[in-house]
Amino acid sequence: MLSTAAVGDAPTRTLLLNASHEPLCIVSVHRAVLLVMTGKAVVLEADGSLHSERLAMPLPVVLCLNRYVHVPVRRPVPPTRRTVLQRDGHRCAYCGGGADTVDHVHPRSRGGRHEWTNVVAACVRCNHRKADRFLHELGWELEFTPRAPRWSVAFGAAATRAEPSWSRYLVA
Ligand SMILES: [Zn+2]
């Protein structure tokens, strides 16, 4: 019924926001179109347009539900090597280079806990240099405060290929 004529590399997934504008999930464009057609959601961001015999509408990239839905509290994503690297964009918190490891800012051997606020992505070199020392002992500083991720990591693999137009809706 619906065809995305001549859309080329147009997005095939749509970010669905709750009525409160909090990210809810990622849906297929097909489902996104149904949500719009049934009046359940409105298009916030579009990329190109969608055509069928009877219909032409913007191709939804970000949608917002018209009515707020209650979502059960998500189980927090635990900090693992994969999720920490993902949160920090695979960049070393200390030198900005490519990161492969996770470092405990407050060293575990000195009472630091394995929790989101105490872990950062680090390259092997910095991790090795830092070892079990505190940042002030090395004269190092963190340029950001580590926090639990809210959305991008929770969305898992789908968010690693997030559309650029989603970014401002996925900010923690
Ligand atoms: Zn480094």
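The values are calculated or read from the model by the stated rules, or taken from the named source; none is laboratory data. Because the structure is a prediction, the values reported are computed rather than measured. All Cβ positions, even for glycine, are placed from backbone atoms using ideal geometry, and neighbour counts span all protein chains on display.
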* Asked: Can you pull out the residues in the stretch 32-43 that are buried (at least 16 other Cβ atoms within 10 Å of the Cβ) and of a type outside the set (Gly, Ala, Ser)?
  -> VAL33, LEU35, VAL36, VAL43
* To do: Test HIS51 against the criterion of being over 27 Å from LEU15 (Cα atoms) and over 21 Å from the mean Cα position of the chain (by Cα), and give yes or no.
  => no
* Subset tally (residues that are within 30 Å of VAL105 (Cβ to Cβ), of a type in the set (Val, Ile, Thr) and at pLDDT 90 or above) for the stretch 31-87 -> 2
* Asked: For the stretch 117-138, what are the residues that are buried (at least 19 other Cβ atoms within 10 Å of the Cβ) and either closer than 19 Å to PRO149 by Cα or in contact (Cβ under 8 Å) with a residue 60 or more places away in the chain (or both)?
  -> VAL119, VAL120, ALA121, ALA122
* Determine which member of the set GLY48, GLY96, GLY111 is exposed (fewer than 13 other Cβ atoms within 10 Å of the Cβ) and either under 14 Å from PRO146 (Cα atoms) or away from the ligand (no atom under 16 Å from the Cβ) (or both). => GLY111
* Does ASP103 satisfy being buried (at least 19 other Cβ atoms within 10 Å of the Cβ), within 14 Å of the ligand (Cβ to nearest atom) and modelled with pLDDT under 95? -> no
